[in-house]
1. Can you spot a residue in the stretch 166-186 that is at pLDDT 95 or above, open to solvent by 10 Å² or more (accessible area, probe 1.4 Å), aliphatic (A, V, I, L, M) and under 22 Å from residue 8 (Cβ atoms)?
2. Residues being more than 14 Å from residue 71 (Cβ to Cβ), open to solvent by less than 50 Å² (accessible area, probe 1.4 Å), more than 15 Å from the ligand (Cβ to nearest atom) and not polar (S, T, N, Q): count how many of those fall in the stretch 121-149.
3. List, please: which pairs have Cβ atoms under 8 Å, are six or more places apart or on different chains, and start with a residue in the stretch 184-197 that is touching a residue at least 12 places away in the same chain (Cβ under 8 Å) and near the ligand (Cβ under 8 Å from one of its atoms) and end with one that is open to solvent by 50 Å² or more (accessible area, probe 1.4 Å) and part of a loop (DSSP other than H, G, I, E, B)?
4. Among the listed residues 59, 145, which satisfies the condition of being over 16 Å from the mean Cα position of the chain (by Cα) and under 18 Å from residue 211 (Cα atoms)?
5. Condition (residue is acidic (Asp, Glu), farther than 23 Å from residue 105 by Cβ and either modelled with pLDDT of 95 or more or within 13 Å of the ligand (Cβ to nearest atom) (or both)) applied to the stretch 213-231: is it met by at least one residue?
6. Being assigned to a helix (DSSP H, G or I) and not acidic (Asp, Glu) is the filter; apply it to the stretch 150-165 and report the residue that is surrounded by the most Cβ atoms within 10 Å (Cβ to Cβ).
Amino acid sequence: MPTKLSVNINKLATLRNSRGGNNPDVVKAAVDAQRFGADGITVHPRPDERHIRYSDVRALKKVITTEFNIEGNSREQSFVDLVLEVKPHQVTLVPDELGQITSDHGWDTIRHKSYLKEMISVFKQAGIRVSIFVDPDPKMVEGAALTGTDRVELYTESYARQYATGNRGSVIVKYVDAAKKAKEAGLGLNAGHDLDLHNLKYFKQNIPWLDEVSIGHALICDAIYLGFENAIQLYKRQLAE
Ligand code: PXP
């Protein structure tokens, strides 16, 4: 089954914001990323707009011909309003705190079941597919299945860390277990965070039914050396069957 590569362009917005002005232009980057083979574009707007701005999200919507995925914290009403206005193909709900540098944990889907159910139905009624970010724990996936979500996104930071220290064989087991649980429950499966050119192939080989990965930091870093088009093509190659 083909796994889609959604390119997270937040880092390009961080670079742009560091100087003011519009270089790099994130809208152009999204258009180019799609031309270079990206199967989707991901953004993670935060209320402080320190990387992707709400106005970027509105402008991106007009040029995305693949799949638009907006990640973020649904406890921020401004985020919910933005997603409902822009109507991306997918919203990924992440339990962020204000000012958090990057996502660092998944939802406790048991504790927050009723909240998630309520939020998910709001987005689904608007015709938006919903994915929720979870740790690689079969219990959290089971809990997710009771919220009405369409997909889960497995948080891959611990996979990436263990892979780098040579423990890929042991760490992949819990990801495969969680991924199997998602399949049994009829949930689609996404993954993301710290995936890179080294660790992506092994992840896909072990979980071939993966629907989508969203990758930002490592891909943009690789693009500095390899160029944006080559980097996207190389990531796609890791996902090839
Ligand atoms: N998925 C989620 C929910 C995220 O918050 C992020 C980071 O914004 C990613 C995936 C992508 O992580 P990375 O930038 O490490 O590829």
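1. Within the stretch 166-186, none of the residues are at pLDDT 95 or above, open to solvent by 10 Å² or more (accessible area, probe 1.4 Å), aliphatic (A, V, I, L, M) and under 22 Å from residue 8 (Cβ atoms).
2. 6
3. 193/102
4. Answer to the selection: 145.
5. From the stretch 213-231, those acidic (Asp, Glu) are 222, 229; that's our starting set.
So of that shortlist, the ones also farther than 23 Å from residue 105 by Cβ come out as 222, 229.
From what's left, either modelled with pLDDT of 95 or more or within 13 Å of the ligand (Cβ to nearest atom) (or both): 222, 229.
Yes, the stretch 213-231 has at least one match.
6. First, pick out the residues of the stretch 150-165 that are assigned to a helix (DSSP H, G or I): 157-164.
Filter again for not acidic (Asp, Glu), leaving 158-164.
Working: 158: 15, 159: 25, 160: 19, 161: 13, 162: 17, 163: 22, 164: 13.
That would be 159.
The values are calculated or read from the model by the stated rules, or taken from the named source; none is laboratory data. Everything numeric here is computed off the predicted structure, so don't read it as measured data. Positions of Cβ are generated from backbone atoms using ideal geometry, with glycine treated the same way; all protein chains shown enter the neighbour counts. Accessible surface is based on the protein model in full, side chains and every heavy atom, while ligands, DNA and RNA are left aside. Shrake-Rupley method; radii C 1.70, N 1.55, O 1.52, S 1.80 Å.
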